[in-house]
């Protein structure tokens, strides 16, 4: 494993990033060539079930960030990557508009959206989708299946302790909230100040115990990346001086 270095980490390249339905199919992560052949087969199987809350890009960005986290944190790739690929596939079959309606309805108290009643069903169904994919593709090997099932089955509710690989999956899922596609889906017309406040509350600070040290450093850098891409130099008035180091890195990038 490597030690995280702000100057060496490569942020997501948004000028070349494809948004919308093509992202649901994994066009960006496929183009980066970071998936093994078997992982790519799993991804292609999962694509039909991906991003069913009208959040195209969630699956592939979380998968990409999970792969990057494996450079810095202990985990088993054969568990981490399949877990992330399938973690939200259980939303398939629901009303795709329902989640955004719930977000809007509860925008004053987003903690409501973390209830077991809302989260548990898609976790259970995601285990089923993953199992079918594993059987069809023949990957990963059976020795990893139970841990993957445990990770998918509790990744949002977080009622039970998890493994090193489960920690990476949870961090990668949470980091979706600092990215540009997430901002465009949920906060497209917001001011820099309001986006900054929301992301700090729901990811960077409010949940930083789940991010850990490395996840927090990646999260801060990727958030600066998102803000600079969306608002340009205008974002300086919001991010400085708190994000001075991260913003300097993004400007150089």
Q. Among the residues of region 236-244, is there at least one that is surrounded by 22 or more Cβ atoms within 10 Å (Cβ to Cβ), touching a helix residue (DSSP H, G or I) at 6+ places or on another chain (Cβ under 9 Å), farther than 25 Å from residue 21 by Cα and not assigned by TED's automatic domain parsing to the domain that holds residue 17?
A. yes
(Q) Quick check on this structure: which one of 7, 2 is outside the structural domain of residue 122 (by TED's automatic domain parsing), assigned to a loop (DSSP other than H, G, I, E, B) and more than 22 Å from residue 74 (Cβ to Cβ)? (A) 7
**Q.** Which numbered condition residue 167 misses (of (1) at pLDDT below 90; (2) under 29 Å from residue 6 (Cβ atoms))
**A.** (1)
Q) Considering 41, 60, which residue is surrounded by fewer than 21 Cβ atoms within 10 Å (Cβ to Cβ) and either in contact with a helix residue (DSSP H, G or I) (Cβ under 9 Å, 6 or more places away or on another chain) or not in a helix (DSSP H, G or I) (or both)? A) 41
Q) Among the residues of region 69-98, which ones are over 17 Å from residue 122 (Cα atoms) and either modelled with pLDDT under 90 or touching a helix residue (DSSP H, G or I) at 6+ places or on another chain (Cβ under 7 Å) (or both)? A) 69, 70, 72, 73, 74, 75, 76, 78, 79, 80, 81
Q: Mind checking which helices (runs of 4 or more DSSP H) fall wholly inside region 143-211 and carry at least 3 residues that are closer than 18 Å to residue 78 by Cβ and without any contact (Cβ under 8 Å) to a residue 60 or more places away in the chain?
A: 145-152
(Q) Every residue in region 21-35 that is loosely packed, with under 13 Cβ neighbours inside 10 Å and in a loop (DSSP other than H, G, I, E, B), please. (A) 33
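Please go through region 99-142 and pick out each residue that is outside any helix (DSSP H, G or I) and at pLDDT below 85. Talk me through it step by step, then tell me what you get.
Start the filter on region 99-142 by keeping residues that are outside any helix (DSSP H, G or I), which leaves 106-109, 115, 138-141.
106, 107, 108, 109, 115, listed by residue number.
The values are calculated or read from the model by the stated rules, or taken from the named source; none is laboratory data. The structure displayed is predicted, hence computed values, not measured ones. Note that each Cβ is placed from the backbone with ideal geometry, even for glycine, and that neighbours are counted across all protein chains shown.
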